[in-house]
Amino acid sequence: MSIRITIDGNEIITQDGATLVDVAAENGIYIPTLCHLKGKPCLGTCRICSVRVNGNVMAACTVPVSDGLEVEVDEPEVSDMRKALVEFLFVEGNHNCPSCEKSGRCDLQALGCELGMMVSRFPYRFPVRIRDHAAKRIWLERDRCIFCQRCVQFIRDRETSRKIFSIKDRGTHASIEIDIELADKMPPEQIREAAELCPVGCIIEKGVGYNDPIGRRKYEIKSIRERALERKRK
Amino acid sequence: MRRPVKNETASHELPATPLDPSVRAERDKKIQVAMIALCGCWGCTLSFLDMDENLLRLLEKVSITRSSLTDIKRIPHHCAIGFVEGGIANDENIETLEHFRENCDILISVGACAVWGGVPAMRNVVNLEECFREAYVDSPTAVPGSKPVIPYHPDIPRITTKVYPCHEVVKMDYFIPGCPPDGAAIFKVLDDLVNGRDVNLPTSMNRYD
Amino acid sequence: MHTEVQTILEQYHSDKTRLIDILWDVQQKYGFIPGEAIMALSEGLNMSCNDIHETISFYHFFHARPSGKHKIYLADSVIARMNGYDEIREALEQACGCTFGAVDESGTFGLYDTNCIGLSDQEPAMMVDEVVFTNLTPKKASDVIAQLKQGRDANQIANPDGNGRRDVAYVDTLVKGNIHNQGPVFFKADRDFKALLEKCLEMLPDEVIETLTVSSIRGRGGAGFPTGLKWRLGREAEGDEKYVICNADEGEPGTFKDRVLLTRSPGDVLLGMIIAAYAIGSHNGIIYLRTEYRYLKEYLEQQIQGFYDQGLLGEQILGKAFDFDIRIQMGAGAYVCGDETALIESCEGKRGTPRVKPPYPIQQGYLGMPTCVNNVETFAAVSRIIEEGAEWFRTMGTNHSSGTRLLSVSGDCQHPGIYEIEWGISLNEVLQMVGARNPMAAQVSGPSGECVSVEKDGERVFCYSDLSCNGSLMVFNESRDLLDIVKNFMRFFVDESCGICVPCRAGNIDLLRKIERVIAGRACQQDLDEGVRWGKLVRNTSRCGLGAASPKPILTTLEKFPEIYQHKLVQPHGALLPAFDMDAALQGHELAYKALVQEEME
């Protein structure tokens, strides 16, 4: 069913029940995301797509659109909230971009730049997180995990559909875990899929990294904003 | 806990031929800019030099007081703009940063180390005792059979428990991320400030590595 | 071990949605959940071991390591701390020979802190294995340990007369009821449930729902969603099966009225569930009971059995074509499971992570089917509304808040315990009723509610549009340190955040650090301004009610008692920020040096 909504005052005609974050992108309005994957079940973990919907702050990846919705994306307070959420992630783990294999093709880094983060306004925590390199071809760099849950939900053992990645403990003690036995069974293309699915440099394919010279890396060629809008328009 | 005030002389206090008064007067009219490196690799300072000919253009308006061009430890007079490279890793860094804050109107963190601690802050996930053990006791380069010496003396700076970003110690006004940032990014910020514009580092110049 | 685990699995038909029950049985058997058992479960349930660890490690009361033959959980709540928690803690450490968070050398005792265990009217209190001990003194606590050392079990010590666990006398021996007034709705004696259900089943389901709609009753869990509307949506929702869940995960610090309702009026609650099942068309009900109320389980099972015996549960209830069963689902220790979607996840054997909404449980809940989740008190009230009629209920309370509600009152008052109040009563009236002593502040609805000033807010009234109370009321007198209380509440939220979303997981820690900084005298005005801004950020962007509420202890005390914060602020002098702790920054070098030199000399 065709419906009308407004985003930042612009009227948009779209389909009832479509996901707000996708609707926005299809209409050339960029809402940043970290956990969202179009076509996959909503994870709703990062909240970086927070926008104002009829006056209330909501994560745009969780909102099915309905007729008459009034959405504010480019509003100073909620824009700052999105930026602040990115800033939270930079202090919560250890995100040392200069020494990271994912630099230049990292969603979190790209978002930080895109949203104009120069520094985090929250205290840097420097948590101690032990990396796990026991798997043959996957390096799990826990310092960088942002608990988006993409790998937990979408990467399963192809034979048994058991979870390969999982979360242990809760809250601030949470840590990402890898099932070594299942990980070692992963075919190369699935490893690549997992590494690419990871929006940060937590799941790294061993031996891969620093492949592209600075200036020619993924998000230097085309920004995260351009990619999001381009992908959605197709 | 502060270290006692020592009998020390800064390099700018050493006897030197006074500057020609007319040059002095010209220079004093300009916007005074300084740059200091704390715990970093001096890469950001090199980026400062990478402003290249852009810097020459600005020299009509600014005067570089303290920088790697002059290499003095303290700024002898008040400055409008201070650039700080590096984070806080020892008490000498704290004193220097304090001195800069007291003597600069605008203070800017330049580069990953100043902004969040950077590479030196990788030690923050290891306690200091382990760091010292690795560096001075179990060091692979220690002379076999020698007695390890762990530095701890009033004449040498005391290592801080953690490495801190500058803004966790004093108020910082602006931040230029990057490891190091491009000279162009530093120039953009300086140019904005000198010309009275709001500082605005475009997305294309904002990067963290 | 493999065959033993296999037996447990068979009991649950190797159904992974029953993982919580399975883990409880394993832990019951071995005292903890051994790695070998996890491997057996992994095969039996077709889950990776890490997947099972996901669930185990989410819950406070599951242990994947040996955790002591007797597990002792001392309730660490604001109220306990007002009543001598520190002394009890010390006495326990001394008696058990280990510190909190550890197991003694012999492996006999494991000491753990835990958040509010629903006994704020009789704190300090502790859970020992499956029972609780209340009104503790250091001597009483040490005595319990001494008896355990002599080989008696916790149950024998708490229940020396040997009352059967299915008996109300057993529950009464363990905990007090402390009901202080008899109101019109709750705790009515000698009810004829059979006659009442007969009357209900003569009505059409739509008429039942209409009755609730007219009564204007709203959910008593806190959110206040209109019950009639929820049930109407449940009736209209499409699904092969529908479920009724009673939320007895009473985790909000300071509330304990559901415990007392389940003890004194379990029939009211069961009947309310049956009425709900009839109204929406459900055949299966679940009571989600928090672990902290483990001692109620057998008693409740007996009550449920009584209903089966009377033909009020089971197949063809009262001869009608209406089947309904109720089972008890034990929780395993997670405050966030009070959120209905987290509770449903937990019922499905998973981590208690709140779901993304929509879909709402009333459309897609337990096992993806329409699920009606209501609070214990709501079900009890429903049973009375069906009995007395919608008008009777609606004439009580105020226009938009009909009926009465139960308050769990604790803190600085003469008579902590349960009170039934009519909506519309003022804070002052309640404080007088409970015998509050020099009250300065009242915490309405627990940490997730608001801290109000008795002086400024005394005339405010309890109702959904003003003091919308979820049942918890803590009274603090002038001698209490509110900042310390705020810190305790913030730590509670940090402990209980599930961590699924960024703002709640990361933000609450920074808010806790802020309040610690204020208390330490290292904060300036900027810290307070940031506290407000960050609090708003966490409230607005979090995924569930926990994050939406967690900054409230800071925000509401800042609003009502700004002076206690202002008093602690420091003015920055010199260039160094007040927040920068020079002593801490400089002591590391000396300590490290001394430790290494010491080592050298040895």
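A compact table of results
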| item | result |
| --- | --- |
| Residue within region B:102-115 that is closer than 14 Å to residue B:162 by Cα and in a helix (DSSP H, G or I) present | yes |
| Test: residue in region C:340-352 that is at positive phi and surrounded by fewer than 24 Cβ atoms within 10 Å (Cβ to Cβ) | yes |
| Tally of residues being touching a residue at least 40 places away in the same chain (Cβ under 8 Å), assigned to a helix (DSSP H, G or I), in contact with a helix residue (DSSP H, G or I) (Cβ under 8 Å, 6 or more places away or on another chain) and not basic (Lys, Arg) across region C:496-538 | 10 |
| Which listed residue is within 9 Å of chain B (Cβ to nearest Cβ), among the charged types (D, E, K, R) and over 26 Å from residue A:60 (Cα atoms), from C:599, C:563 | C:599 |
| Members of region C:502-535 found to be more than 8 Å from chain A (Cβ to nearest Cβ), charged (D, E, K, R) and farther than 16 Å from residue A:87 by Cα, listed by number | C:514, C:516, C:517, C:522, C:527, C:529 |
| Residue check for residue B:152: assigned to a loop (DSSP other than H, G, I, E, B), touching a helix residue (DSSP H, G or I) at 6+ places or on another chain (Cβ under 7 Å), among the aromatic types (Phe, Trp, Tyr) and without any contact (Cβ under 8 Å) to a residue 60 or more places away in the chain | yes |
| Residue under evaluation residue C:122, criteria (1) on the phi > 0 side of the Ramachandran plot; (2) touching a residue at least 24 places away in the same chain (Cβ under 8 Å); (3) of a type in the set (S, T, N, Q), criterion not met | (1) |
| Residues (assigned to a helix (DSSP H, G or I) and either in contact with a Leu (Cβ under 9 Å, 6 or more places away or on another chain) or closer than 14 Å to residue C:526 by Cα (or both)) located in region C:561-588 | C:562, C:564, C:565, C:566, C:582, C:588 |
| Residues of region A:95-119 that turn out to be at the interface with chain B (Cβ under 7 Å from one of its Cβ atoms), in a loop (DSSP other than H, G, I, E, B) and on the phi < 0 side of the Ramachandran plot, as a count | 4 |
| Residue A:161 vs. criteria more than 28 Å from residue A:78 (Cβ to Cβ), assigned to a loop (DSSP other than H, G, I, E, B) and touching a residue at least 60 places away in the same chain (Cβ under 8 Å) | no |
| Residues of region C:194-205 satisfying the condition of being exposed (fewer than 14 other Cβ atoms within 10 Å of the Cβ) and either β-branched (Val, Ile, Thr) or touching a residue at least 60 places away in the same chain (Cβ under 8 Å) (or both) | C:199 |
| Residue check, residue A:217 within 22 Å of the chain's Cα centre (by Cα) and without any contact (Cβ under 8 Å) to a residue 60 or more places away in the chain | no |
| Some residue of region A:155-163 being within 14 Å of chain B (Cβ to nearest Cβ) and either under 27 Å from residue C:350 (Cα atoms) or not basic (Lys, Arg) (or both) | no |
| Among (1) in contact (Cβ under 8 Å) with a residue 40 or more places away in the chain; (2) within 10 Å of chain C (Cβ to nearest Cβ); (3) over 19 Å from residue A:87 (Cβ atoms) - the single one residue B:182 does not satisfy | (2) |
| Among the candidates A:17, A:39, A:68, residue that is touching a Pro at 6+ places or on another chain (Cβ under 8 Å), assigned to a loop (DSSP other than H, G, I, E, B), among the small types (Gly, Ala, Ser) and more than 10 Å from chain B (Cβ to nearest Cβ) | A:17 |
| Matching residues, region C:400-428, being assigned to a loop (DSSP other than H, G, I, E, B) and not aliphatic (A, V, I, L, M) | C:400, C:401, C:403, C:412, C:414, C:415, C:416, C:423, C:424 |
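Computed from the coordinates by the stated procedures, all read-outs in this text should not be read as laboratory data. Predicted model, so just to flag it, every value in this text is computed and none were measured. A quick note on method: Cβ atoms are made from the backbone with ideal geometry, for glycine too, and the neighbour counts reach across all protein chains shown.
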